[in-house]
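Engineer: Below: one structure in structure tokens.
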Amino acid sequence: MNNLVKSVFRMAPLRTIAAPLRSSLGRREFTRSISLLTRKPEDVNGVKSMICSNPSFGCSCGCGAKFIHTKGERELVEFLTEEIVAEKKAQKVKTIPTELEGFKVKSHGSEVELTKQTDKETIKISFNVNHTVDTEEEAEIDPSMDKPNLAEMKSKPQFEIDIIRGKQTLSFTCSFLHNQAEDAEGYNDIFGIDELVLYDGEWNEEENNYAVAGDVLDGYLYDLLMNLLEEKGISNEFVDKLCEFSTLYEHSQYISLLERLSKFTIGK
């Protein structure tokens, strides 16, 4: 067993190694932890020195808290510190864009809303990044490699498109297509229409608005609706960029969660 693999087992919690089945059930848990394989020894040593360089009169682990931590809490804080450093290094963009292809971006927690205003209508695209991360393909890990081939993680949320004219809203529920095979007519869409509804005023769950599933729409009508969305700027190219934005935003939320979890565990 080479030093790289040894370092992975040394850094990984014993419970994680002993229970691979449970870990494999969560895609985030598996794919994000792959980053441990690419860490250099100096990265981990540098993080450990950060933890120990700030001694306190309270907890002996040097975290700065005013009370004594349990062994489990100390191990969790140490792992989180290492993981935050690794995830920040993996960030492609540090600042989340405030505009996407003419749409203004507004976000709150896991919710994101894109808005574009014209003279006759307003177009809103909304989605939630929770539970949207998946890998493009299965990762093939060779422990003997210095830089293992990692499957890229993508956030592909289901998203709502609202075209608002006056008091009426034409609403589409769309999602990414996983099997993007070109059909007989040469179309190769990366997203599809799941549901269509037209309603008056504000959306109300208690109102009995009729909605139709995309897979039961007349084929020609479905194509015309996809053409309509493309005319509104919601094309394959736009949705591909929406995926890139969602991936960046979801990653920033994940890092924020790790940081808040670390502070919670420390007691700050």
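The values are calculated or read from the model by the stated rules, or taken from the named source; none is laboratory data. This is a predicted model, so every value here is computed, not measured. When we count neighbours, we look across all protein chains shown, and the Cβ atoms used for this are built from the backbone with ideal geometry, even at glycine. Protein only, heavy atoms only, side chains kept; ligands, DNA and RNA dropped before computing areas. Shrake-Rupley method; radii C 1.70, N 1.55, O 1.52, S 1.80 Å.
Engineer: Please compute the length gained on full extension between GLU121 and LYS106, using 0.36 nm multiplied by the number of residues separating them and subtracting their Cα-Cα distance.
Structural biologist: Values: separation 15, 0.36 × 15 = 5.40 nm, distance 1.86 nm.
Result: 3.5 nm gained on full extension.
Engineer: For the range 207-268, compute the orientation-averaged projected area of the C-alpha convex hull (one quarter of its surface), in nm². It would help to have the intermediate numbers written out before the result.
Structural biologist: Working: hull surface 32.2 nm².
Mean projected area for the range 207-268: 8.1 nm², to one decimal.
Engineer: Further question: Based on the Cβ-Cβ distance of LYS71 and GLN91, what FRET efficiency does E = 1/(1 + (r/R0)^6) give at R0 = 25 Å, to the nearest 0.05?
Structural biologist: Values: r = 31 Å, r/R0 = 1.24.
For R0 = 25 Å, the calculated efficiency reads 0.20.
Engineer: Determine the gain in length on full extension of the stretch ASN209-GLU259; use 0.36 nm per residue of separation and subtract their C-alpha separation, reporting nm with one decimal. Numbers along the way, then the final one.
Structural biologist: Numbers: separation 50, 0.36 × 50 = 18.00 nm, distance 4.24 nm.
Full extension of this stretch gives 13.8 nm more.
Engineer: If VAL216, VAL85 are ordered by their accessible area, calculated over protein heavy atoms with a 1.4 Å probe, which sequence runs from highest to lowest?
Structural biologist: Descending order: VAL216, VAL85.
Engineer: Would you calculate the separation in nanometres between label points at THR135 and GLU113, each defined as 7 Å from the Cα along the Cα-to-beta-carbon direction?
Structural biologist: Using points 7 Å along Cα→Cβ, the separation is 3.6 nm.
Engineer: Compute the FRET efficiency between LYS241 and ASP218 as 1/(1 + (r/R0)^6), taking r as their Cβ-Cβ distance and R0 = 41 Å, and round to the nearest 0.05.
Structural biologist: On the way: r = 30 Å, r/R0 = 0.73.
Working from the Cβ atoms, E equals 0.85.
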